[in-house]
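Note sheet for the following structure.
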Amino acid sequence: MRRRVAFTIVLGATPVAIVALTLLALFNPVWINPAQQRAGVAAMTGFDQRDVERVTGSILSDVVIGPPSFDVAVDGVNVLGEAERGHMRDVYRVLRAFMAIAVAGGLLTVVIARRLRSDPVVWRAIAVGSGALLVAGVVLSVIITFLFDAFWLAFHLVFFPQGNFSFDPTTQRLTQLFPDQFWVESATAAALVAMVLAGAVTLAASRRARHLAHAGCLATRNS
């Protein structure tokens, strides 16, 4: 029973941890600023590039670190309206909840791995969890390529059921700062990064599980 519980916990925690690492890899100016430039955000907003980067950096800081005020201004005028700020506060809450789950799952995995250090069950669970995420990444990449609008709507309906995520790109800055092209590129990049990480983790964990299983067989024979 203990091994089954450990397997289930690690199985669930592994893909969550990989997705969290993927978000950290892309949720920063190194990725976001060039993606905005490719999407022509400065022209859409009427801001110069430095203001685009300053505004985006402030929004990212409020999302990741907080507090979720989202009151950045350009020339004394708030960039985001109240509806947009409300949506971003929802994003803040969803992201913090997800990261809390990822951290808790990661800590549990470390504790379980230490207690069952010679048991291959932990590494098998990691391999299965990351392998499942790899398959999901392939499916998601196809969906993003051919059905992005439907995917994006479904994503928002699941995580923001209150429905405050529809904005006018001609007048509201949130969709101008983060237009469709930006999200298509970012979602594609996230799927690719997650698949690379998942593939590497699957390979390493499978090898470790086989090594421990082999070592356990040898120990049993010698005893």
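The values are calculated or read from the model by the stated rules, or taken from the named source; none is laboratory data. Note that the structure is predicted; figures quoted are calculated from it, not measured. We place every Cβ from the backbone using ideal geometry, glycine too, and count neighbours over all the protein chains shown. Areas reflect the complete protein model, heavy atoms only, side chains present, ligands, DNA and RNA absent. Shrake-Rupley method; radii C 1.70, N 1.55, O 1.52, S 1.80 Å.
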>> Six or more apart or on different chains, Cβ atoms under 9 Å: show the pairs whose first residue is in region 146-174 and at positive phi and whose second is part of a helix (DSSP H, G or I).
In response: Gly163/His156; Gly163/Leu157
> Got a number for residues in region 144-172 being part of a loop (DSSP other than H, G, I, E, B) and touching an Asp or Glu at 6+ places or on another chain (Cβ under 9 Å)?
Replying inline: 7
> Which one of the conditions (1) of a type in the set (S, T, N, Q); (2) closer than 24 Å to Thr188 by Cα; (3) modelled with pLDDT of 95 or more does Asn28 fail to meet, given that it meets all the rest?
Replying inline: (3)
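For Asp180, indicate whether it is farther than 26 Å from Val16 by Cβ and loosely packed, with under 13 Cβ neighbours inside 10 Å.
On the way: farther than 26 Å from Val16 by Cβ: yes; loosely packed, with under 13 Cβ neighbours inside 10 Å: no.
In short, no.
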> In region 82-126, what residues are outside any helix (DSSP H, G or I) and not aliphatic (A, V, I, L, M)?
Replying inline: Arg117, Ser118, Asp119, Pro120
> Between residues in region 181-210 that are charged (D, E, K, R) and residues that are at pLDDT below 95, which pairs lie under 8 Å by C-beta distance while being six or more apart or on different chains?
Replying inline: Arg208/Pro120; Arg208/Trp123; Arg210/Pro120
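Could you identify the single residue in Asp119, Asp149 that is exposed (fewer than 15 other Cβ atoms within 10 Å of the Cβ), out of contact with any Phe, Trp or Tyr (no Cβ under 8 Å at 6 or more places or on another chain) and farther than 19 Å from Leu26 by Cα? Let's see the steps before the verdict.
Values: Asp119 fails: exposed (fewer than 15 other Cβ atoms within 10 Å of the Cβ).
Just a single option satisfies the conditions, and that option is Asp149.
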> Do you know which residues across region 57-72 are among the hydrophobic types (A, V, I, L, M, F, W, C) and either open to solvent by less than 30 Å² (accessible area, probe 1.4 Å) or in a loop (DSSP other than H, G, I, E, B) (or both)?
Replying inline: Ile59, Leu60, Val63, Ile65, Phe70, Val72
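Can we say Phe160 is hydrophobic (A, V, I, L, M, F, W, C) and open to solvent by less than 30 Å² (accessible area, probe 1.4 Å)? Outline the logic, then answer.
Working: hydrophobic (A, V, I, L, M, F, W, C): yes; open to solvent by less than 30 Å² (accessible area, probe 1.4 Å): yes.
Yes: the conditions hold for Phe160.
Considering only region 1-37, state which residues are among the basic types (Lys, Arg) and touching a residue at least 40 places away in the same chain (Cβ under 8 Å).
First, the residues of region 1-37 that are among the basic types (Lys, Arg): 2-4.
Residue satisfying the conditions is Arg3 alone.
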>> If I ask for residues that are more than 19 Å from Pro179 (Cα to Cα) and open to solvent by less than 60 Å² (accessible area, probe 1.4 Å), which ones from region 75-89 would you list?
In response: none
